[in-house]
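Asker: Pasting in a structure now, in structure tokens, and then I'll have a few things to ask.
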Amino acid sequence: MLQGVLPEISSFLVHGKIVFFNPKNGVFSFDKSDVEESIGISLFDPPEFSADLYSTVTICLQVSNACNFACDYCFNHTKSSIFMAFDDAKKVLDRMFIKFKNAEKFFVDVSGSGEPLLCFSLILDINNYCKKMSNKLRKEVLVMFVTNGLLLTDENVALLQENGILFGVSVDGCKKVHDAHRRTASGSATFELVMKNVQGIADRQYIGCAVTLTKVQFPLLETIEDLLHVFSTISIKPVRSMFYGFDDAAVDFWIGEYDRLCTYLLAQATKGDYKMAQALLNGDDYFGKFLLRGILDLKAYNRCDAGSGRISFDASGNSWCCPAANGIGELSLGKEWTVDDESCKKLYQKSVGATPCKCCEFRYFCGGECFVELFFHSWNPNKTMCRFNQALIKLALFFTCEIETSIPRAFYFLSAFCEAKIVRLKKDKTLDAFLSQNPTLSFVEGKRRYDLLHPKY
């Protein structure tokens, strides 16, 4: 079915309530008349490709592909212990600062395809250079990464926090599931070691948790409740893997678990308790992404910023659209520490113009398929994941309609929270005003003082 013959109004049923929506522009409501009023209203066309598509640019530096874990679903199959030289990292950063000269802020993600804390001194050197460039550019250049947590010693944590480096920790659900996937290279279990390290950190306000979903089943809601005792931000994502990715049975199970989660979030919202919703909305959670789009009424014209606002470099100087694309030739963006604009443009156009997705009623809520998943499935959407995505979108839109009509205080609170998150990805005008009022302060020192006065989350 072509885009031109999509129905004017579609609907779906969740917990006995019908959500109506217009698949041509993404308008949705419990009230059919609200959607009828949107008939004939078109969305804006996706913007043309340029270096200014995103106000925030993420530079991914795969500082090492070495790792002290042997996770069974890892996309890094050739751990050759190659480390990035600081001079090369500096070269990449300088080039990206010029390439994206109009960006409002930069994230420098040193997670890589291995364990970043194996090159701790390099991370500190990169961070010192980013502070220097922050002062020169008068823009935030924030170093961040996700670690497996095994090397989060008291000394390492103290240095990371003293230097303002953000980090998250990979914890795959409960102990049984985590230890099944995430073991050391020698085969030892890691859950208790990692959790002991994290729980030993006094200030965990800015430490998030990254959970990977596979076919292995566990109780989602109860696991999130347990993780909330340790982490304030939780990001759960399905694995990108031909062997560990979802099959139909896994999708059926996880849809049921997310249905339970949605029901719980609504019950908590009725009580004025938004802690779990905030934890999912605050980071890069898969369901949280759909919730945020529903609550803020955002429409998606592509899947993500890979290749446009996010560029990844491996330690050998090859560039990719994201770290998970490492080694996939079709997703290569360049060699010798360069990025080919034409390759980036082709990927972007393939993303926004994906023909199969134009036939989908949920395209403006989903944004399309991940480049890596497309590669795995011969550049066609993964139908199994499409079913999972649509189920989560339905739950997110139902949740939004329910709190907007029945729990307005929850809708206003979560809308404000989501707006504050979006603002974090743009230039902070109040920070600029603070710096203007304190002209003798460097950018880094001024922001440090400002953050003490205005904690974000």
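The values are calculated or read from the model by the stated rules, or taken from the named source; none is laboratory data. Nothing here was measured: the structure is a model prediction, and the numbers come from that model. Glycine gets a Cβ as well: all are built from the backbone with ideal geometry, and neighbour counts include every protein chain shown.
Asker: Against the condition of a type outside the set (G, A, S) and in the same structural domain as F145 (by TED's automatic domain parsing), how does L61 come out, does it pass?
Answerer: When the stated conditions are applied, L61 passes them.
Asker: Mind listing just one residue for me: the one in the stretch 360-408 that is in a helix (DSSP H, G or I) and among the small types (G, A, S) and, of those, nearest to F44 (Cα to Cα)?
Answerer: Restricting to residues being in a helix (DSSP H, G or I) and among the small types (G, A, S), the top hit is A396.
Asker: Go through the stretch 184-212 and count every residue that is under 24 Å from the mean Cα position of the chain (by Cα) and charged (D, E, K, R).
Answerer: Within the stretch 184-212, residues that are under 24 Å from the mean Cα position of the chain (by Cα) and charged (D, E, K, R) number 2.
Asker: I've got another one for you. Could you list all residues from the stretch 415-438 that are over 30 Å from F287 (Cα atoms), in a loop (DSSP other than H, G, I, E, B) and modelled with pLDDT under 90?
Answerer: Matches in the stretch 415-438: none.
Asker: Restricting the search to the stretch 9-42, which residues are in a loop (DSSP other than H, G, I, E, B), surrounded by 13 or more Cβ atoms within 10 Å (Cβ to Cβ) and in contact with a Lys or Arg (Cβ under 8 Å, 6 or more places away or on another chain)?
Answerer: I9, P23, N25, G26, F30
Asker: Would you check if T440 is more than 20 Å from the chain's Cα centre (by Cα), under 26 Å from I295 (Cα atoms), of a type outside the set (D, E) and not assigned by TED's automatic domain parsing to the domain that holds V141?
Answerer: Here the answer is no, as T440 does not meet what is asked.
Asker: Which numbered condition in (1) touching a Phe, Trp or Tyr at 6+ places or on another chain (Cβ under 6 Å); (2) closer than 26 Å to K429 by Cα; (3) among the basic types (K, R) is the only one that K91 fails?
Answerer: (2)
Asker: Looking at the stretch 152-173 only, could you name the residues that are in a loop (DSSP other than H, G, I, E, B) and buried (at least 16 other Cβ atoms within 10 Å of the Cβ)?
Answerer: Within the stretch 152-173, L152, G164, I165, V171, D172, G173 qualify.
Asker: Which members of the stretch 9-48 meet the condition of being touching a residue at least 24 places away in the same chain (Cβ under 8 Å) and touching a Ser or Thr at 6+ places or on another chain (Cβ under 7 Å)?
Answerer: Passing the criteria: V19, F21, P23, N25, F30, V35.
Asker: While we're on this one: Tell me, yes or no, whether the stretch 426-440 has at least one residue that is touching a residue at least 40 places away in the same chain (Cβ under 8 Å), among the charged types (D, E, K, R) and loosely packed, with under 14 Cβ neighbours inside 10 Å.
Answerer: Within the stretch 426-440 (the criterion being touching a residue at least 40 places away in the same chain (Cβ under 8 Å), among the charged types (D, E, K, R) and loosely packed, with under 14 Cβ neighbours inside 10 Å), the answer is yes, since at least one residue qualifies.
Asker: Would you confirm, using the coordinates I've provided, whether K215 is over 25 Å from L117 (Cα atoms), under 21 Å from the mean Cα position of the chain (by Cα) and not in a helix (DSSP H, G or I)?
Answerer: Taking the combined requirement at face value, the residue satisfies it.
Asker: Moving on to the next point. So, in the stretch 207-245, how many residues would count as being surrounded by fewer than 18 Cβ atoms within 10 Å (Cβ to Cβ) and touching a Leu at 6+ places or on another chain (Cβ under 8 Å)?
Answerer: 2
Asker: Tell me yes or no: at least one residue of the stretch 133-143 is within 19 Å of S64 (Cβ to Cβ), out of contact with any helix residue (DSSP H, G or I) (no Cβ under 8 Å at 6 or more places or on another chain) and modelled with pLDDT of 95 or more.
Answerer: no
Asker: With the requirement that a residue be closer than 25 Å to H15 by Cβ and out of contact with any Cys (no Cβ under 9 Å at 6 or more places or on another chain), what does the stretch 343-391 give you?
Answerer: E361, Y364, F365, T384, R387, F388, A391
Asker: Right, something else. Which of the residues spanning the stretch 241-283 are part of a helix (DSSP H, G or I), more than 21 Å from G208 (Cβ to Cβ) and either free of Cβ contacts under 8 Å to residues at least 24 places away in the same chain or not assigned by TED's automatic domain parsing to the domain that holds L221 (or both)?
Answerer: D252, G256, A267
Asker: Still on this structure: Return the only residue of A269, A249, A277, A315 being touching a Ser or Thr at 6+ places or on another chain (Cβ under 7 Å) and of a type in the set (G, A, S).
Answerer: Step by step, each of A269, A249, A277, A315 is checked, and only A315 is touching a Ser or Thr at 6+ places or on another chain (Cβ under 7 Å) and of a type in the set (G, A, S).
Asker: Test of understanding: among S343, S308, S351, which residue is at pLDDT 90 or above and either surrounded by 23 or more Cβ atoms within 10 Å (Cβ to Cβ) or in a loop (DSSP other than H, G, I, E, B) (or both)?
Answerer: Every option except S308 fails the conditions.
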